[in-house]
Amino acid sequence: MSFIAKPKITHPGLPRNEIGLTLRDYEGSMSTLCAGCGHDSVSAAIMQAYFELSVEPHRVAKVSGIGCSSKTPTYFLGGAHGFNSVHGRMPSIATGANAANRELQYIGVSGDGDSLSIGMGQFSHAIRRNVNMMYVLENNGVYGLTKGQFSASADKGSKAKKGEANAYSPIDPVLLAISLGCTFVGRSFSGDKDNLVPLLKSAISHSGFALIDVISPCVTFNDHEGSTKSYAHTREHMLETVYADYVGAHEEIIAQVQPGEYRQVTMHDGSRVGLRHVDKSYDPTDRIAAISYIEKHRAEGAVVTGLLYVEEGSAEMHVTLGSAPGAMSEIPYEKLNPGAEALNRIQGRWR
Ligand SMILES: Cc1ncc(C[n+]2csc(CCOP(=O)(O)OP(=O)(O)O)c2C)c(N)n1
Ligand code: SF4
Ligand SMILES: [Mg+2]
């Protein structure tokens, strides 16, 4: 937690969004991360995305686990609800909160350590249930908070700061998520705001679990030569496939591209995601093809970015469960609790 308060002076000339808020209204407390940490750039992109979407901060619930990445929800959307949970357990907190109040927009922020080691089971089951949330995985290949041990996403042969090579094969969160049936999967880079902001806006508008794996370098423990999660390595090896161009429900699509290179996916709320195929051979709606494309390029050392997979019209958790409309948390207790007689009747079925 930062003890330095940010002065809240809003310049009258600052641009305002459709609900009259400025970007400053989407800020949180002062960051305590290392200067240059990729995670701070991701926070800036998240603020920009919610600002551009004109989401009221109090309609958002932020959840996270443990790690430098999981600290970041404190640094954006100060007016939102928030729950900093324990290591790897954020997905069950998000699932429970979403079950109780489906009216809020959920954003989970986690790290490669938090998601792919201790939290792997939780991560997988939130995907399987298609919990309606955006899950931002700030991926730096190390446990930053505990001083730079290799995480499960570190590439085999990648060098630690003191020179030792990682002996194990990596878990690629993107491939894992697609194979688990995740309904929206994207990858970006903290140093590429032009790609990241529209991808975040599209993920926020998706109905169901939306994973964004963001390569977010740790300047203190994993930004040296020999690391495959450094700024320099990511910039050199990034291979963009599909550019997600978010278009609001009432906006006009203006894309400077040839016919055939552009297609749209309509989201649940009527907004559209324009898919500009940077690599024309890539089809983000074909699961099997997406997996083999990402695997093939991964073997060649490329970091495939963009909107990698999207399933249109997916059924999020509440649709599958057939839950009552509205927030369960707002249903009066008398209505929520059917009473002893009804409970007896239900239990009677198993007697
Ligand atoms: C139960 C438990 N085990 C271990 C730890 C120690 N620990 C704190 S953060 C962390 C890893 C965080 O790595 P990551 O999620 O990649 O976040 P980063 O700091 O790299 O952003 C670990 C192992 C802990 N806090 N709780
Ligand atoms: S230790 Fe690494 S991940 Fe943590 S704040 Fe510093 S640069 Fe960021
Ligand atoms: Mg990490």
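The values are calculated or read from the model by the stated rules, or taken from the named source; none is laboratory data. Owing to the predicted nature of the structure, the values given are computational and were not obtained by experimental measurement. In this analysis, Cβ positions are derived from the backbone assuming ideal geometry, glycine residues included, and neighbour counts consider all displayed protein chains.
Give the range 133-156 a look and list any residue that's more than 12 Å from ligand 3 (Cβ to nearest atom) and touching a strand residue (DSSP E or B) at 6+ places or on another chain (Cβ under 7 Å), or say none. Give the derivation first.
Residues of the range 133-156 more than 12 Å from ligand 3 (Cβ to nearest atom): 133-136, 155-156.
Hits for the range 133-156 are MET133, MET134, TYR135, VAL136.
Annotation: ARG89 fulfils all but one of (1) in contact with an Asp or Glu (Cβ under 7 Å, 6 or more places away or on another chain); (2) under 30 Å from GLN149 (Cα atoms); the unmet one is (1). The set of residues from the range 45-66 being assigned to a helix (DSSP H, G or I) and either within 16 Å of ligand 3 (Cβ to nearest atom) or surrounded by 20 or more Cβ atoms within 10 Å (Cβ to Cβ) (or both) comprises ALA45, ILE46, MET47, ALA49, TYR50, PHE51, PRO57. Among the residues of the range 320-345, those identified as assigned to a helix (DSSP H, G or I) and either surrounded by fewer than 10 Cβ atoms within 10 Å (Cβ to Cβ) or basic (Lys, Arg) (or both) are TYR333, GLU334, LYS335, ALA340, GLU341, ARG345.
Going residue by residue through the range 2-10, is there one that turns out to be among the basic types (Lys, Arg), surrounded by fewer than 19 Cβ atoms within 10 Å (Cβ to Cβ) and either part of a strand (DSSP E or B) or free of Cβ contacts under 8 Å to residues at least 24 places away in the same chain (or both)? Yes: the range 2-10 contains one or more residues that are among the basic types (Lys, Arg), surrounded by fewer than 19 Cβ atoms within 10 Å (Cβ to Cβ) and either part of a strand (DSSP E or B) or free of Cβ contacts under 8 Å to residues at least 24 places away in the same chain (or both). Yes or no: LEU116 within 15 Å of ligand 1 (Cβ to nearest atom), of a type in the set (A, V, I, L, M) and in a helix (DSSP H, G or I)? Criteria met by LEU116.
Looking across the range 67-94, the residues that are surrounded by fewer than 19 Cβ atoms within 10 Å (Cβ to Cβ), outside any loop (DSSP other than H, G, I, E, B) and more than 16 Å from ligand 2 (Cβ to nearest atom) come down to HIS81, GLY82, PHE83, SER92. Determine if the range 133-150 includes at least one residue that is among the charged types (D, E, K, R) and away from ligand 1 (no atom under 12 Å from the Cβ). Looking through the range 133-150, none of the residues is among the charged types (D, E, K, R) and away from ligand 1 (no atom under 12 Å from the Cβ).
Taking the options GLY186, GLY163, GLY248, name whichever one is out of contact with any Phe, Trp or Tyr (no Cβ under 7 Å at 6 or more places or on another chain) and either polar (S, T, N, Q) or buried (at least 24 other Cβ atoms within 10 Å of the Cβ) (or both). Even if it seems obvious, please write down each step before you answer.
Values: GLY163 fails: either polar (S, T, N, Q) or buried (at least 24 other Cβ atoms within 10 Å of the Cβ) (or both); GLY248 fails: either polar (S, T, N, Q) or buried (at least 24 other Cβ atoms within 10 Å of the Cβ) (or both).
Matching residue, one of GLY186, GLY163, GLY248: GLY186.
Condition test on THR285, is it modelled with pLDDT of 90 or more, assigned to a loop (DSSP other than H, G, I, E, B) and touching a Cys at 6+ places or on another chain (Cβ under 7 Å)? So THR285 does not fit the description; no. Taking the conditions (1) more than 24 Å from CYS218 (Cα to Cα); (2) within 16 Å of ligand 1 (Cβ to nearest atom); (3) under 15 Å from the mean Cα position of the chain (by Cα) in turn, ILE93 satisfies each one other than (3). When the range 103-131 is filtered for residues that are more than 15 Å from LEU180 (Cβ to Cβ), buried (at least 22 other Cβ atoms within 10 Å of the Cβ) and more than 14 Å from the chain's Cα centre (by Cα), only GLY113 remains. Across the range 295-323, what is the number of residues that are under 14 Å from THR241 (Cα atoms) and free of Cβ contacts under 8 Å to residues at least 60 places away in the same chain? Looking only at that region, the number is 2.
For the range 78-90, the count of residues that are in contact (Cβ under 8 Å) with a residue 40 or more places away in the chain and within 13 Å of ligand 1 (Cβ to nearest atom) is zero.
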